[in-house]
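The values are calculated or read from the model by the stated rules, or taken from the named source; none is laboratory data. Note that the structure is predicted; figures quoted are calculated from it, not measured. Glycine gets a Cβ as well: all are built from the backbone with ideal geometry, and neighbour counts include every protein chain shown. Heads up: the accessible areas ignore ligands, DNA and RNA and are worked out on the full protein's heavy atoms, side chains in. Shrake-Rupley method; radii C 1.70, N 1.55, O 1.52, S 1.80 Å.
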Amino acid sequence: GGGGRNVVQVIDPKRANNGGIILARLRMSYDDMAAAVDAMDESAMSANQARGVIEYMPTLEERRSLREYMKPPGGKGGTTTSVERFERLCECEKFMVAMMTVKQSKRKIRALLFKLQFRGCIHDLAHDIFSIDKACDELISSVRLRKLFGIVLNIGNRLNTAGPGQKKKSGGFTIKSLLKLDQARAFDNKTT
């Protein structure tokens, strides 16, 4: 039956149906998608949309089948034009045919996805670097931290010079010893 609906002609019907749903979210023609992929235009789609497009790029077998289907029929019995054959394809297959016009389309869409994700990664890293920089500035200018280190140094000096005959003071303390401060407890074994 040649009803008005496009019928899956070449690829797996489930893949075609799922691809049609994903590709409909892009809200652009397949020729425009192909042009955006060819130019690696990052303004044309989001990273999520690019991931969806990658999933439905034609496989080698699908490319072969679509090329075979789109070939003008040989002999006297073939009366359909390539435009008519194209119109009979489902939406996902039309997308695949459009992508077949782009050289290295799979590599280009992956590069486009990388470009789209890279900006987000840089933005996240810049935010983290700003936070670390701000934390370092606060540590450097912290009066309370300086006082705490002074107290720890004094305690260390007093402990080191408490024994008989040892009058020299300690030159400092190790960072490792600071980590043990949370293990130190008062006589009641509760207060740290």
Item checked: Residue check for Ala44: touching a residue at least 24 places away in the same chain (Cβ under 8 Å) and either open to solvent by 20 Å² or more (accessible area, probe 1.4 Å) or part of a helix (DSSP H, G or I) (or both) -> no
Notebook entry, point to check: Out of the residues in the range 10-31 that are touching a residue at least 60 places away in the same chain (Cβ under 8 Å) and charged (D, E, K, R), which is surrounded by the fewest Cβ atoms within 10 Å (Cβ to Cβ)?
Noted result: Asp31
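Could you tell me whether any residue of the range 20-33 is closer than 17 Å to Lys115 by Cα and in a helix (DSSP H, G or I)? Outline the logic, then answer.
Within the range 20-33, the subset closer than 17 Å to Lys115 by Cα is 33.
Subset that is in a helix (DSSP H, G or I): 33.
The answer is yes; a qualifying residue exists.
Just to be sure before I move on: is Arg144 of a type in the set (Lys, Arg), over 23 Å from Arg15 (Cβ atoms) and either open to solvent by 60 Å² or more (accessible area, probe 1.4 Å) or out of contact with any helix residue (DSSP H, G or I) (no Cβ under 8 Å at 6 or more places or on another chain) (or both) in the structure I sent? Steps first, answer last, please.
Working: of a type in the set (Lys, Arg): yes; over 23 Å from Arg15 (Cβ atoms): yes; either open to solvent by 60 Å² or more (accessible area, probe 1.4 Å) or out of contact with any helix residue (DSSP H, G or I) (no Cβ under 8 Å at 6 or more places or on another chain) (or both): yes.
Spelling it out, Arg144 is indeed of a type in the set (Lys, Arg), over 23 Å from Arg15 (Cβ atoms) and either open to solvent by 60 Å² or more (accessible area, probe 1.4 Å) or out of contact with any helix residue (DSSP H, G or I) (no Cβ under 8 Å at 6 or more places or on another chain) (or both).
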